[in-house]
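Just so you know, all these numbers are worked out from the coordinates, no wet-lab data involved. Nothing here was measured: the structure is a model prediction, and the numbers come from that model. All Cβ positions, even for glycine, are placed from backbone atoms using ideal geometry, and neighbour counts span all protein chains on display.
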Amino acid sequence: MNEKRVKTGVIGLDKLLNGGLLPGRSILLSGPCGSGKSILAVQFLYNGATKFKEKGLYINLEEEKHRIFGNMQTLGLNLERLEKKNDLMIIGGQIAGIDDYMYKVGADVNHIIEEIEELVKQNKVKRVVIDSINLLTMLCKDNIEKRKVLTRLTHRLNNLDCTSILISEVKENTTNLSRFGIEEFVVDGVIGLYLLRNGDRFIPGIVVRKMRGSDHDKSIRLYKITKRGIEVYPNETLFTEI
Ligand SMILES: Nc1ncnc2c1ncn2[C@@H]1O[C@H](COP(=O)(O)OP(=O)(O)OP(=O)(O)O)[C@@H](O)[C@H]1O
Ligand SMILES: [Mg+2]
């Protein structure tokens with residue numbers, strides 16, 4: 001296939017994706033706490049900036065920047081250096097006064113989307129990560145608004161030719177892909193991380209659940225979080241076929 005692909009650069013993952021993500025698409029990355037969502041998404045940006053000359057924007061609505069730097073440094077990802085070189089923009093802790101928004105009834109989430117769009121445009125960003133979209137959707141008053149807001153966000157990013165990963169936090173012990181059951185239908189693709197309990201351990205599994213316009217691997221594959229970040233084992237399934 002000669003079609004242009006946006007490589008994640010995450011070991012093993014591009015093989016599951018038939019070479020990488022399709023450019024300008026929005027992907028939901030879902031998983032329970034500690035499954036490695038933030039690490040995987042940051043690797044996507046880090047590799048984009050260091051290997052593929054694609055500038056990244058990482059928006060973390062909850063964690064402060066110095067903590068993000070510290071966490072990723074333990075995996076050999078020096079985000080501070082990339083930011084100084086202007087290859088990666090990091091917004092941590094708050095955007096558009098998110099703290100105030102959270103506690104204000106009727107807060108306008110569209111303002112946040114406009115800010116993100118402006119940042120992408122002004123800085124010619126090609127890869128965006130929003131970590132996570134749960135807070136954004138929780139600011140919407142009902143399911144119709146959630147759907148509209150997410151559609152607006154993904155369309156705006158797509159129109160700017162930007163490939164985006166939207167992180168979705170899901171509850172423990174479910175096969176849900178999102179908090180509200182809407183998010184996975186709005187996006188172009190879904191990658192799910194699972195922690196499957198086996199005796200006294202959790203076995204990490206990754207699956208490409210959907211990818212509009214592309215073939216992809218359909219099995220749950222083993223992955224690990226090592227000191228170099230996420231590594232996917234594209235030939236290893238978690239269950240033997242019956
Ligand atoms: N340096 C490291 N070496 C090995 N494993 C690590 C290292 N740093 C973090 N981890 C593993 O990665 C996990 C955190 O990954 P990450 O923050 O990406 O999860 P997450 O899915 O984003 O979680 P949350 O939903 O809480 O935001 C840790 O709980 C730990 O198991
Ligand atoms: Mg996280």
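Table for the structure above
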quantity	calculated
Electrostatic dipole magnitude of the chain [Cβ: Lys, Arg +1; Asp, Glu -1; Cα centre; debye, to 20]	640 debye
Over the range 128-170: Rg over Rh, Cα atoms, Kirkwood Rh	0.98
Cut-off 12 Å between beta-carbons: net charge of the residues surrounding Cys140, Lys and Arg +1, Asp and Glu -1	+2
Pair Lys85, Ile144: separation of 7 Å Cα→Cβ label points (nm)	4.9 nm
R0 of 30 Å, Cβ-Cβ distance Arg67-Gln122: FRET efficiency to nearest 0.05	0.70
Relative intensity, log₁₀ I(q)/I(0), of the chain from a Debye sum that treats every alpha carbon as a point, q = 0.12, 0.13, 0.17 Å⁻¹	-0.65, -0.77, -1.36
Hits among lysines - C-alpha to C-alpha of Lys227 under 25 Å, sequence gap 8 or more where chains match	Lys7, Lys15, Lys37, Lys51, Lys53, Lys55, Lys65, Lys84, Lys85
Added length on full extension, which subtracts the Cα-Cα distance from 0.36 nm per residue, His111 to Asn176	20.5 nm
